[in-house]
Structure formats: structure tokens, C-alpha cells
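The next block holds one structure in the form of C-alpha cells; read it before the comments.
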Amino acid sequence: MKRAFKYRFYPTEAQAAELSRTFGCVRKVYNLALAARNEAWKLQQERVTYNATSAMLTAWKKTEDLAYLNEVSSVPLQQALRHLQTAFTNFFAKRAKYPRFKSRKRSRKSAEYTTSAFRLRDGELTLAKMAEPLHIVWSRRLPEGAQPSTVTVSQDAAGRWFVSLLYEDPSVQPLPATDRAIGIDVGLDHLLALSTGEKITNPRYEQRDRARQACAQRQLSRKVKGSANRDKARRKVAKVHARIADRRRDHLHKITTRLVRENQTIVIEDLAVRNLLKNHTLARAISDAAWREFRSMLEYKAQWYGRKVIVVDRWFPSSKLCSTCGTVRDTMPLHVRTWTCACGAIHDRDVNAARNILAAGLAASACGAGVRPQRETSRTRRSVTKQETPRATVGIPVL
């Protein structure tokens, strides 16, 4: 299993200057290759391959205008062409949008080195074109007896430097199997509601630092564009955002690791977060909750450790369905947090939804069908019960 180990490092002035030049050359080569491929398709309807762009890079280095490309390591430049080829492959496979040009201000600053362009010995990492090793803060151990296949150096908007080492990690093994299954309902009042009745608090990191963020942004707005003071103020704003993102990511890592370790099957709801963000009243709170990042972490950790994640259809009426008798209410406004069913059962909205999500996911997993919401028949306009459910629709077992 391939796994990336990311660390922070503190470069010297010479190393920072060399890496900044490398970032700029990587961006330049990527943009030149993308422009060449666009022009070839526009004029001749011809697809340019990676080998062709690699030959172009050799020719560019020989020109007077682009001779500075020889001053940095050639490996990150070749890797930029490979990344562009991957971007086009994903585009033609309809997995991504058409590749865009990299911006000096907005694009991520990074450079990737392969095994021929770095040396890792005795805990010291030295990159090509550098005489001294990087001063890395080794915050956790690397896999013993293994060598990284690639090293990626990057700088974020706050000015922090990071190095990421990609390893084939043999320590990632499936965990012992268990019979525990859990349903999860995400929310805003509480970040997660579990089918066991437990609720995990939403820390609201963005709301905690909102005053600090607003102050930094006001200071930034007063600075003259293009000045050194504006750049300092921009970094202060970026540091506030980085603090929020780091704390949120750390919290999600702890939660997802715990859920994957304790449960064999995890059932979640398929939410269209992009559509939910169109609600301008809740968009800020939804972004702060980071539901999409939570799902991404849960899925790749489950793949690492041999767990199973089941995703229930977004139209499944988990909140309106009684987990005791199976009755579906007509409406369920957001302000209703507790409700009583006609059968007498008193439900907490979020916990009831988590229990319904768990039952629906297990039912779908057992019969191999998709989870669909209960619907009304065309004649009687009444809800289809479990016994009347068509074969294409999964019945919801009563808990």
C-alpha cells in the first residue's frame, strides 16, 4: 500500500531561493506544454503525447529566452510533463475537467523529485542541485527498510514549507474482522450522530477564529496592491486559514481512524455537498463541517484496513422515517430536532436518521441492490409498505 509521509522543514535562504526558482520553472514548463498541446489540436486536430512534449523541453532549454531552465533540476520539469499527461488522460476518461494553466499567485507551489534526484541517508534528505540537506522536523517514523519512490516539496500560502515522501508501506495491514456495524448521519448542531446514540460535537473551528480572520482581512484591504506590506498582510490571512484547516483536519483524522478501527461496516449518506452550498444561510457552516473531507478520509482508511463503507442514496428519507414502525412523515423541517411517531416512539432526529441509514445500508448490502426512498403508488397515493415494495426497491427492516 502506497502511503505519503508529510513533514515540515525549514530551508536556508539559498535553499528557499533554489526551490522558488524550481517552482517557477515547473509552472513555466507546464504552461508551455499545455499551450503547445492546445495549439496543435486547434490548428491540426493533432494530439501531442508526453514524448513529444519531452522533446520540446529539450529544445526549449537550448533557446536563449528559456536557458534558465537549465539552472534547476531536470527531474521536476519532466514530472510536470507527466502530470500534464495524467491530466489529459483523466479529461478524456471524463474523470476531470480540461487542464488549465497554472497561475503564479493562485496555483499550488510544488515540485516532485524521483529517486534519481534526491538522496536519503541517515535521516538527511538532500535534493538535486543542493549542497546541504534539508532541515526536516521528523514528527513521526518512516517505514523501516524501505526507500521513498518520490519526494514532493511544496510551499503553502502561509509561507510554510513541506516535504512529502511516498513509500510502499508494509505496515498497512487489514485489521482483525469484527461484527460491528454503524450508521452515521452528518449534521451541523453535531458533526456526527451515530446509530449507537452517540453524538460527536461540531468544533466549528472557522467560527472560533472568525474575529481573528476578519481583523486580518481588514488589515489586508488597507494595504497598497503590489507592496511588501500587502504581501505580509496576505500571509497573516493565510496563516489564520491554515490554522483553521489544520485543526479541522486533525479532528477529522482522529474521528475517522476511531470509526474504522472499531467497526467492520460503516454506512453513510451520499450528500451533494456542492448543491447544499448554494444555500447561502448554511453555506459557511457546511464548509466548516467539511463533510466531503470526512467521507474521503473514511473511504481510503477503510480501504487500507479492510473495512467496508456503504453509501446510501441521498434521496433516502432517513430523517422522516420512523426507525421503529417504518412510517414516513410528510415533512420534517430543519428546526424539528425531536419528534414523536404515531406508534408512540420518541425520536431524536439525528440518531433516528443514523439508525435508518444503518438499516438501509445493511439491507442493500444483503440483497445487492441500491437503496431508494419509499415512494407512493400512482393510484392510491399512499406509501408503499415493506410487503408491497417492488423488487427494484430495497425494503427497510424495522429495528
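The values are calculated or read from the model by the stated rules, or taken from the named source; none is laboratory data. Source: prediction; values computed, not measured. Don't worry about glycine lacking a Cβ; one is built from the backbone with ideal geometry, like all the others, and counts go over all protein chains shown.
Return the only residue of GLU64, GLU18, GLU39, GLU46 being in the same structural domain as PRO143 (by TED's automatic domain parsing), touching a residue at least 40 places away in the same chain (Cβ under 8 Å) and acidic (Asp, Glu).
After ruling out the rest, the residue left standing is GLU18.
For PRO133, all conditions in the list (1) over 30 Å from LEU220 (Cα atoms); (2) in contact (Cβ under 8 Å) with a residue 12 or more places away in the chain; (3) surrounded by 12 or more Cβ atoms within 10 Å (Cβ to Cβ); (4) in the same structural domain as TRP41 (by TED's automatic domain parsing) hold save one; what is the number of the exception?
For PRO133, the exception is condition (2).
Take the residues in segment 6-20 that are not hydroxyl-bearing (Ser, Thr, Tyr) and not in a strand (DSSP E or B); name whichever of them is farthest from ASP156 (Cα to Cα).
ALA14
Kindly indicate which of GLU13, GLU71, GLU39, GLU64 is exposed (fewer than 13 other Cβ atoms within 10 Å of the Cβ) and in contact with a Cys (Cβ under 9 Å, 6 or more places away or on another chain).
GLU71
Of the residues that sit in segment 284-338 and are basic (Lys, Arg) and touching a Ser or Thr at 6+ places or on another chain (Cβ under 8 Å), which one is surrounded by the most Cβ atoms within 10 Å (Cβ to Cβ)?
Looking at the filtered set, the residue picked out is ARG307.
Take TYR305 and decide whether it is touching a Pro at 6+ places or on another chain (Cβ under 8 Å) and of a type in the set (Ser, Thr, Tyr).
Yes.
Which condition breaks for LYS254 when tested against (1) under 30 Å from ASP179 (Cα atoms); (2) surrounded by 14 or more Cβ atoms within 10 Å (Cβ to Cβ)?
(2)
With at pLDDT 95 or above, closer than 14 Å to VAL29 by Cα and in a loop (DSSP other than H, G, I, E, B) as the only criterion, which of ARG104, ARG100 stands out?
ARG100
Since PRO203 meets every condition but one in (1) assigned to a helix (DSSP H, G or I); (2) in contact with a helix residue (DSSP H, G or I) (Cβ under 7 Å, 6 or more places away or on another chain), which condition does it not meet?
Here PRO203 clears every test but (1).
Report whether or not PHE118 is free of Cβ contacts under 8 Å to residues at least 40 places away in the same chain, outside the structural domain of THR265 (by TED's automatic domain parsing) and over 30 Å from GLU262 (Cα atoms).
Spelling it out, PHE118 is indeed free of Cβ contacts under 8 Å to residues at least 40 places away in the same chain, outside the structural domain of THR265 (by TED's automatic domain parsing) and over 30 Å from GLU262 (Cα atoms).
If I ask for residues that are free of Cβ contacts under 8 Å to residues at least 60 places away in the same chain and more than 30 Å from PRO174 (Cα to Cα), which ones from segment 293-318 would you list?
Answer for segment 293-318, where residues must be free of Cβ contacts under 8 Å to residues at least 60 places away in the same chain and more than 30 Å from PRO174 (Cα to Cα): TRP315, PHE316, PRO317.
Can you confirm whether segment 195-205 contains a residue that is exposed (fewer than 15 other Cβ atoms within 10 Å of the Cβ), touching a Lys or Arg at 6+ places or on another chain (Cβ under 8 Å), farther than 15 Å from HIS251 by Cβ and touching a residue at least 40 places away in the same chain (Cβ under 8 Å)?
There is no residue in segment 195-205 that is exposed (fewer than 15 other Cβ atoms within 10 Å of the Cβ), touching a Lys or Arg at 6+ places or on another chain (Cβ under 8 Å), farther than 15 Å from HIS251 by Cβ and touching a residue at least 40 places away in the same chain (Cβ under 8 Å).
Yes/no matrix, rows are residues, columns are (1) aliphatic (A, V, I, L, M); (2) over 30 Å from GLU144 (Cα atoms):
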| position | (1), (2) |
| --- | --- |
| ARG3 | no, no |
| LEU19 | yes, no |
| LYS28 | no, yes |
| ALA40 | yes, yes |
| SER54 | no, yes |
| THR63 | no, yes |
| ALA67 | yes, yes |
| GLN85 | no, yes |
| PHE118 | no, no |
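If I go through segment 107-118 residue by residue, how many of them are at pLDDT 95 or above and exposed (fewer than 13 other Cβ atoms within 10 Å of the Cβ)?
0
Test ASP288 against the stated conditions and say whether it is of a type in the set (Asp, Glu), assigned to a helix (DSSP H, G or I), assigned by TED's automatic domain parsing to the domain that holds SER195 and farther than 25 Å from ASP348 by Cα.
No: the conditions fail for ASP288.
Taking the conditions exactly as written (out of contact with any helix residue (DSSP H, G or I) (no Cβ under 7 Å at 6 or more places or on another chain) and modelled with pLDDT of 90 or more), does ARG261 satisfy them or not?
Against the criterion (out of contact with any helix residue (DSSP H, G or I) (no Cβ under 7 Å at 6 or more places or on another chain) and modelled with pLDDT of 90 or more), ARG261 qualifies.
Sort through ARG140, ARG82, ARG108 and tell me the only one that's within 22 Å of ALA157 (Cα to Cα) and in contact (Cβ under 8 Å) with a residue 24 or more places away in the chain.
ARG108
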